[in-house]
Amino acid sequence: MDMMQLLISGLANGCVYGLIALGFVLIYKATEAVNFAQGDFMMLGAFITIWLTNTEYLGLNFYLAVPIAILIMGVLGYLLDILVIRRMFGQPQIAVVILTIALGFIIRFVVGAIWGHDPHLLETPFAGKELKIGALVLGYEEIAVIIVTLLLTFMLFTFFRKAKLGQAMQAASQNQLAAYYVGIPVKKIQSLVWALAGIVAAVAGALFASKGAIDPSTGLLGIKAFAAAVIGGFGSLPGALIGGLIIGVVEPFAAYYLPAGYSQVAPYAIMLLVLIFRPAGLFAQMQNKKV
Amino acid sequence: MNKNPNNQMPVLRDAPVLRIENLESYYGPIMAIRGVSLEVREGQIVTILGANGAGKTTLLKTISGVMTPAKGIIELNGENISTLEADQIVKKHMVHVPEGREIFPLLSVEKNISIGAYVRKDREEIKRDEEMVYSYFPILKERAKQQAGTLSGGQQQMLAIARGLMAKPKIMLLDEPSLGLSPLLVEEIFTILKRLNVEQKVTMVLVEQNAKVALDVADYGYVMELGRIVMADDADKLENSKDIQAFYLGVRQDNERGQRRYKQRKTWR
Ligand SMILES: Nc1ncnc2c1ncn2[C@@H]1O[C@H](COP(=O)(O)OP(=O)(O)OP(=O)(O)O)[C@@H](O)[C@H]1O
Ligand SMILES: [Mg+2]
């Protein structure tokens, strides 16, 4: 049952990578720039949740704290666009990219200054509980991560399919000028996409910190999620999630079966292989048809 | 304005729905619109002719709020809208159908159409307008589920017009709807435009390079050159004018070439 155990914990990790990758794709579709701070958004979301929940800080009820953290991250994303990103309008995309890299440094510094550099674990109601199926032992945290990720992905998918706002976001990402012409308030929509990226990051952060300790430098795993987004085709929401799952699953298996050190390289090796053999990503076709 | 049926109405009704005065627009340091003034009356089709780069598209973009003018007045039904954002202007029932079929390529045809009603909330009427739009463009109904990017050029142009109609426009700004279409399709689209003008009472500002078809459907015409209006007259008079014939309708004038050129210069500025 070793295999099964590895698979489940890989999937749970992969969900978090997938959610960060989702954030990459959302921002990329809306602004054509890559937000390299997306991993740090996740870390910030985690620390805000920890700050609200853990008994050493505010000690709020977990089920109250998480929505508040999500709200805060949504507002931060929105403000970031209004106060900073929007002012870069008309600058080359690379300027936005560099700005997000700098933003990542700032977030890591600020979080470290406020909450310190020690690893923190989110106190959840389901911490330490286990589900035993035969020889298979599943942590509640891992199950929660997988279920919440699936739910969130499904909600996003429906949102982009059905909701008027979701349609407007899609339209604006496909043809910004045409979106102006039909009366979509493109700038406002762009701010809302940054808010959405903040929300997704908060969920990813809460999930990450519920199954393992997090410290300010954890945000750097955003690079792995970036590889996941590339594998998925950098434009497809389901592709991003599946890219994340692939990386999440490959890591523990590589660590288990290959000599030490190889598992660190595995995500990037896969990314390179995908770029060489399917430059448009695994889900390029899907990107042409769907969200 | 001879063809305007409103001529018989009291003076108030004859006020222009769209009035532009001394408009100036820039791309960075480049001045693309250099003091344009024009008027459009209710129910009219007004065409704006001009060679490549004359500033026709820029003028429409400025009117529809996609670009902000540096100077001048844009009055819609007597209200100055020159500082409003594009979405605000769509809400005032003036819609821009852009050049080059700017559609949403990955959305289905029907979603492209329904997103045209983005600024509206009257659900029932939106449904009815969808049917109305499909009755003018039956081919779009057949292709409702198809991805818009896979439509032919002519169908995409129809889709862009259909999407514009969904905003319930009183005024439509159309940028070169004939661009890249076969003569037969141009004929078809212009027939539909004329019908929309008469049946749905849509006032139109029609930018065109194809002077012949444009002047045939239009009531009034302006000619633009290098960011300025250089000529304005009733459409039938423009159609018979020597300058227009020479420059846009391809009618040859072999005699006294040098002298004619000079004269044309004079009348154009
Ligand atoms: N984005 C831009 N940046 C800088 N200059 C521009 C831009 N768009 C247009 N121009 C310039 O402004 C002038 C007017 O362009 P515009 O597109 O309005 O012409 P047009 O009359 O629509 O031409 P066409 O018939 O070819 O569509 C041109 O000289 C053009 O080079
Ligand atoms: Mg043009």
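The values are calculated or read from the model by the stated rules, or taken from the named source; none is laboratory data. Keep in mind it's a predicted model, so treat the numbers as computed, not measured. No Cβ is skipped: glycine too gets one built from the backbone with ideal geometry, and neighbour counts run over all protein chains shown. Keep in mind that these areas ignore ligands, DNA and RNA; they rest on the heavy atoms of the full protein, side chains included. Shrake-Rupley method; radii C 1.70, N 1.55, O 1.52, S 1.80 Å.
Where the second residue is surrounded by fewer than 12 Cβ atoms within 10 Å (Cβ to Cβ) and the first is hydroxyl-bearing (Ser, Thr, Tyr) and lies in the stretch A:255-270, which pairs have Cβ atoms under 8 Å and are six or more apart or on separate chains? Going by the 8 Å Cβ cut-off, the qualifying pairs are A:Tyr256/A:Asp2.
In this structure, is B:Lys71 away from chain A (no Cβ under 14 Å), over 30 Å from B:Val36 (Cα atoms) and open to solvent by 50 Å² or more (accessible area, probe 1.4 Å)? In short, no. Scan the stretch A:136-146 and tell me whether some residue there is away from chain B (no Cβ under 14 Å), open to solvent by 40 Å² or more (accessible area, probe 1.4 Å) and over 20 Å from the mean Cα position of the chain (by Cα). There is at least one residue in the stretch A:136-146 that is away from chain B (no Cβ under 14 Å), open to solvent by 40 Å² or more (accessible area, probe 1.4 Å) and over 20 Å from the mean Cα position of the chain (by Cα). Within the stretch B:180-194, residues that are among the hydroxyl-bearing types (Ser, Thr, Tyr) have Cβ atoms under 9 Å from residues that are assigned to a helix (DSSP H, G or I) in these pairs: B:Ser182/B:Gly154; B:Thr191/B:Val217, counting only partners at least 6 apart in sequence or on another chain.
Test B:Asn2 against the criterion of being at pLDDT below 95 and touching a strand residue (DSSP E or B) at 6+ places or on another chain (Cβ under 7 Å), and give yes or no.
Answer is yes for this residue.
Residues of the stretch B:173-190 that are among the charged types (D, E, K, R) and open to solvent by 70 Å² or more (accessible area, probe 1.4 Å): B:Glu187, B:Glu188.
With respect to being in a helix (DSSP H, G or I), facing chain A (nearest Cβ under 9 Å) and at pLDDT below 95, B:Gly149 fits the description. Residues in the stretch B:191-223 that are open to solvent by 10 Å² or more (accessible area, probe 1.4 Å) and of a type in the set (A, V, I, L, M, F, W, C): B:Ile192, B:Val198, B:Val213, B:Val217. Any residue at all in the stretch A:159-171 that's among the hydrophobic types (A, V, I, L, M, F, W, C), open to solvent by less than 40 Å² (accessible area, probe 1.4 Å), under 25 Å from A:Gln38 (Cα atoms) and facing chain B (nearest Cβ under 9 Å)? Yes, the conditions are met somewhere in the stretch A:159-171. Restricting attention to the stretch B:74-112, report how many residues are of a type in the set (A, V, I, L, M, F, W, C) and facing another protein chain (nearest Cβ under 9 Å). Total satisfying the criteria: 9.
Please give the strands (runs of 3 or more DSSP E) falling wholly within the stretch B:18-85 in which 1 or more residues are hydroxyl-bearing (Ser, Thr, Tyr), within 15 Å of ligand 1 (Cβ to nearest atom) and in contact (Cβ under 8 Å) with a residue 40 or more places away in the chain.
Values: elements: B:18-27, B:30-40, B:45-50, B:71-76.
Fully inside the stretch B:18-85 and qualifying: B:18-27, B:45-50.
Here B:Ile113 meets the list (1) touching a strand residue (DSSP E or B) at 6+ places or on another chain (Cβ under 7 Å); (2) hydrophobic (A, V, I, L, M, F, W, C); (3) part of a helix (DSSP H, G or I) almost entirely, failing just condition (1).
Please verify whether the stretch B:26-38 includes one or more residues that are open to solvent by less than 50 Å² (accessible area, probe 1.4 Å), within 14 Å of ligand 2 (Cβ to nearest atom) and either over 18 Å from B:Ala232 (Cβ atoms) or not small (Gly, Ala, Ser) (or both). Checking the stretch B:26-38: at least one residue is open to solvent by less than 50 Å² (accessible area, probe 1.4 Å), within 14 Å of ligand 2 (Cβ to nearest atom) and either over 18 Å from B:Ala232 (Cβ atoms) or not small (Gly, Ala, Ser) (or both). Just checking, does the stretch B:65-87 include any residue being within 14 Å of the chain's Cα centre (by Cα) and within 16 Å of ligand 2 (Cβ to nearest atom)? Looking for residues that are within 14 Å of the chain's Cα centre (by Cα) and within 16 Å of ligand 2 (Cβ to nearest atom), one finds none in the stretch B:65-87, hence no.
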